[in-house]
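This report refers to the structure that appears directly beneath it.
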Amino acid sequence: MARDTFYTAVDIGTDKVTSIMARVGTEGELKVLGTGVVTSQGMQKGRIENLDEVREAVQSSMEEAQRYVGKGASTGVYTSVTGTHLSSLNTKEIVDNPNDVGDISGKLLDRLLRGSFPDVGPGQEVLHVIPIGYHVDGMSGIRNPVGLHGSLVEVEAHVVIGDAVTLKNTVRVIEANKASVKSMVLHSLASAESTLTGDEREMGVVLVDIGGGTTDIAIYRQGQPWYSAVIPVGGSQLTRDLSVALKTPMYMTEEMKIKWGSVMPESIPADQQVVIPSFQGQPKHSLSRRVLCEPLHARMMELIKMIVLKVRQSGLREFPAAGIVLTGGGAEMTGLAELVQKTLGGQVRIAYPEGIAGLPAQLRKPAFSASVGLLLWGIKHQGETRSSLNGKNGGRSIMGNKSWRWGLGRKNSAAANR
Ligand SMILES: Nc1ncnc2c1ncn2[C@@H]1O[C@H](COP(=O)(O)OP(=O)(O)OP(=O)(O)O)[C@@H](O)[C@H]1O
Ligand SMILES: [Mg+2]
């Protein structure tokens, strides 16, 4: 199959909409052709609240990215989705190899993976079914069993499910801009593409993308996504808390948070003062920077507790060997790595998007991990089809694996992650 030449990522965040157009170069490398970053409107905690506003923001962002490329270059869009309507579970499915001890064929795996589709309610849609690993005649940890001998084959898969109407709305805002959706990707999995190293995925790692409205978690084990969850709290909650404490409007508070904020007030010299500008009759006044940072520290501790809760809900008793990787705009919060390290121990790092040589400086920030990751996801998974969000093919979709298409709706779920 011919490889696509152009890739377009559209990341519709709560704070910003980012579009990136890229082209595959002669050596197979991705080259960014255009970028459009605009302030988001109409989004609440990762969910589309006002379709028209989001459509307009997506339009401005895509037009900006296409400015130097020309329309029509893009064949389809990779877009991210998040929000608490998404849930995940791991399923197990077994088939008998009809040839008894013959070679395991691609066709057999197709059947097996189709069987991994869980039964979902009428308002639900399967977003991803990603194989974690295979067992052949009781032997575990097999990545690709095609060609092996075996009579009993089992697959464990990570399945992500979302609200069908919410997902369809994402498709609508892209299609309203005369583009088609190639694939919708869970936000945390997109971020993981551009931030996690192969070693981290193998050793086991918790990826945390702190955005404006949500914090997206993905746990990788033995190279594959094993758990995912969305927490409806992000960096804008920190700004809101500070705005209430300082009695200043959100736009002013956001600037102060970025300039003076820290989630480690104890690391700030006790005598350091900042000047709070005058606002609505409240005169300009000075304040201890430590005091300013207290609400930020308190909210971040809450968020860390929620992350720990999700990791426990995943079934893990402790953090995996490669620890925790923090990304998303909220990961730029001063003192975050220090606070997480102090609270949880283990390895902690702040991740910037990698994987595209010559990435424009504007995109070399944790806030763009998901957008850059969408392009990398596109390259990796190109050729797979987005299904049924247009109402075809029985209302189910497969994304994230090359070898299968439409699901049949059987299930044997091992764990439900909510
Ligand atoms: N230097 C910084 N220090 C502290 N916070 C920052 C910094 N830069 C960005 N942020 C915060 O990051 C958040 C936005 O992150 P990001 O751009 O990843 O969100 P988003 O992708 O639009 O939203 P979401 O993924 O939640 O839908 C905002 O709350 C912003 O205040
Ligand atoms: Mg985001």
message: Looking at segment 214-238 only, could you name the residues that are hydroxyl-bearing (Ser, Thr, Tyr) and surrounded by fewer than 23 Cβ atoms within 10 Å (Cβ to Cβ)?
response: 236
- request: Tell me the strands (runs of 3 or more DSSP E) entirely within segment 306-418 that contain at least 2 residues that are modelled with pLDDT under 85 and either assigned by TED's automatic domain parsing to the domain that holds residue 106 or among the small types (Gly, Ala, Ser) (or both).
  value: 413-417
message: I'm trying to understand the selection: among the residues of segment 17-36, which are touching a helix residue (DSSP H, G or I) at 6+ places or on another chain (Cβ under 7 Å) and either within 9 Å of ligand 1 (Cβ to nearest atom) or acidic (Asp, Glu) (or both)?
response: 17, 18
field: Residues located in segment 323-346, provided they are over 17 Å from residue 310 (Cβ atoms) and either within 16 Å of ligand 2 (Cβ to nearest atom) or surrounded by 17 or more Cβ atoms within 10 Å (Cβ to Cβ) (or both)
entry: 329, 332, 333, 334, 335, 336, 337, 339
- line: Those residues of segment 347-370 which are under 16 Å from the mean Cα position of the chain (by Cα), within 16 Å of ligand 2 (Cβ to nearest atom) and of a type outside the set (A, V, I, L, M) amount to 352, 353, 365, 366, 368, 369
query: In segment 226-236, is there at least one residue being touching a strand residue (DSSP E or B) at 6+ places or on another chain (Cβ under 9 Å), over 22 Å from residue 296 (Cβ atoms) and more than 16 Å from ligand 2 (Cβ to nearest atom)?
result: yes
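The values are calculated or read from the model by the stated rules, or taken from the named source; none is laboratory data. All figures in this text were calculated on a predicted structure; none of them were measured in a lab. All Cβ positions, even for glycine, are placed from backbone atoms using ideal geometry, and neighbour counts span all protein chains on display.
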